[in-house]
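*Asks:* Please read through the structure below; I'll follow up with questions.
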Amino acid sequence: KPAAEACGFRPSRGDDLFSNATILSDIWSSIQSAEVMIAVLTGNNANVFYELGLAHAKGKAVVLVADKAQVSDQVPKRDRLPADLWGVRVVTYDRDNPFWGERLKTDVIATLNAVKDDPNKAIPDTFVRKP
């Protein structure tokens, strides 16, 4: 959230949405209205991957964030990011680094600023809307 705010965005989290609509309806509405999204993939949460798929299909720019172990060949395949995302850039962090939080914030700010300059670079080619 602090990184998004530092870039001039007004961030909101999917689990902070409260309305009388269905959860999926709220999520879909948020995806449609978002200028850019951040997906935290750490833990391989199925809901996050589902929402990421919706965002990609909608052609939304998404910044992916994950623990560095999830992009390592040193961990079992079940703990890595799905193969479908191996070609997509991921901002990683290392909790063994005592300054990991500040480093992550700096990296997310840099990535969000790059996305502001060219949102299509944060969308897999398959989903980029062509004129």
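*Asks:* Sum up the charges of everything whose Cβ sits under 13 Å from the Cβ of PRO119, counting Lys and Arg as +1 and Asp and Glu as -1, but leave PRO119 out.
*Replies:* Once all neighbours under 13 Å are counted, the net charge is +2.
*Asks:* Using only Cα positions of the stretch 68-112, each an equal point scatterer, no hydration layer, compute I(q)/I(0) via Debye at q = 0.13, 0.15 Å⁻¹ and quote the log10 values to two decimals.
*Replies:* -0.34, -0.44
*Asks:* While we're here: Can you tell me the mean projection area, over all orientations, of the convex hull of the chain's alpha carbons? Units nm², please.
*Replies:* Projected over every direction and averaged, the Cα hull of the chain covers 8.8 nm².
*Asks:* Rounded to the nearest percent, how much of the accessible area of the chain (1.4 Å probe, protein heavy atoms only) is carbon and sulfur?
*Replies:* Percent of accessible area from carbon and sulfur atoms in the chain: 51.
*Asks:* Projecting each Cα onto the charge dipole of the chain (Lys/Arg +1, Asp/Glu -1 at the beta carbon, about the Cα centre), which of PHE127, LEU52, THR42 comes out farthest on the positive side?
*Replies:* Of PHE127, LEU52, THR42, it is PHE127.
*Asks:* Separate question: Report the charge-dipole magnitude of the chain in Debye, nearest 20, computed about the Cα centre from +1 at each Lys and Arg Cβ and -1 at each Asp and Glu Cβ.
*Replies:* Computed about the Cα centre, the dipole is about 240 debye.
*Asks:* For the stretch 93-105, take each phi angle, set θ = phi - 60°, evaluate the Karplus expression 6.51 cos²θ - 1.76 cosθ + 1.60, and give the result in whole Hz per residue in order, putting x for glycine and proline.
*Replies:* Taking θ as phi minus 60°, the curve returns 9, 10, 5, 6, 7, x, 10, 4, x, 5, 5, 4, 4 Hz for the stretch 93-105.
*Asks:* What accessible area per residue comes out for the chain, rounded to a whole number of Å², with a 1.4 Å probe?
*Replies:* I get 68 Å² per residue for this part.
*Asks:* Residue by residue, what Karplus-based ³J(HN,Hα) values in Hz, rounded to whole numbers, does the stretch 24-39 have, using 6.51, -1.76 and 1.60 with θ = phi - 60° and x for Gly and Pro?
*Replies:* Coupling constants for the stretch 24-39: 4, 5, 5, 5, 4, 4, 5, 4, 5, 8, 5, 7, 8, 10, 10, 10 Hz.
*Asks:* Hey, can you grab everything whose amide H is under 5 Å from the amide H of LEU64? Only 5+ residues off in sequence or another chain; H modelled, so Pro and N-termini drop out.
*Replies:* ALA39, VAL91
*Asks:* Next question. Show me the trypsin sites (Lys or Arg not before Pro) within the stretch 1-66 that DSSP assigns to loop and that have at most 10 other Cβ atoms within 10 Å of their Cβ.
*Replies:* Counting only loop positions with at most 10 other Cβ atoms within 10 Å, the trypsin sites (Lys or Arg not before Pro) in the stretch 1-66 are ARG13.
*Asks:* Beyond 18 Å between alpha-carbons counts as too far, so tell me which of LYS1/LYS68; LYS1/LYS105; LYS60/LYS121 fall in that bin.
*Replies:* Beyond 18 Å between Cα atoms: LYS1/LYS68.
*Asks:* Can you give the extra length, in nm with one decimal, that the chain gains between ASP107 and GLU35 once fully stretched, where that is 0.36 nm per residue apart less the Cα-Cα distance?
*Replies:* Stretched out fully, the ASP107 to GLU35 stretch lengthens by 24.0 nm.
The values are calculated or read from the model by the stated rules, or taken from the named source; none is laboratory data. As the structure is a prediction and not an experimental result, all values here were calculated from the model. Reconstructed Cβ throughout: ideal geometry from the backbone, glycine too, with neighbour counts over all protein chains shown. In case anyone asks, the SASA skips ligands and DNA or RNA and just uses the protein heavy atoms, side chains included. Shrake-Rupley method; radii C 1.70, N 1.55, O 1.52, S 1.80 Å.
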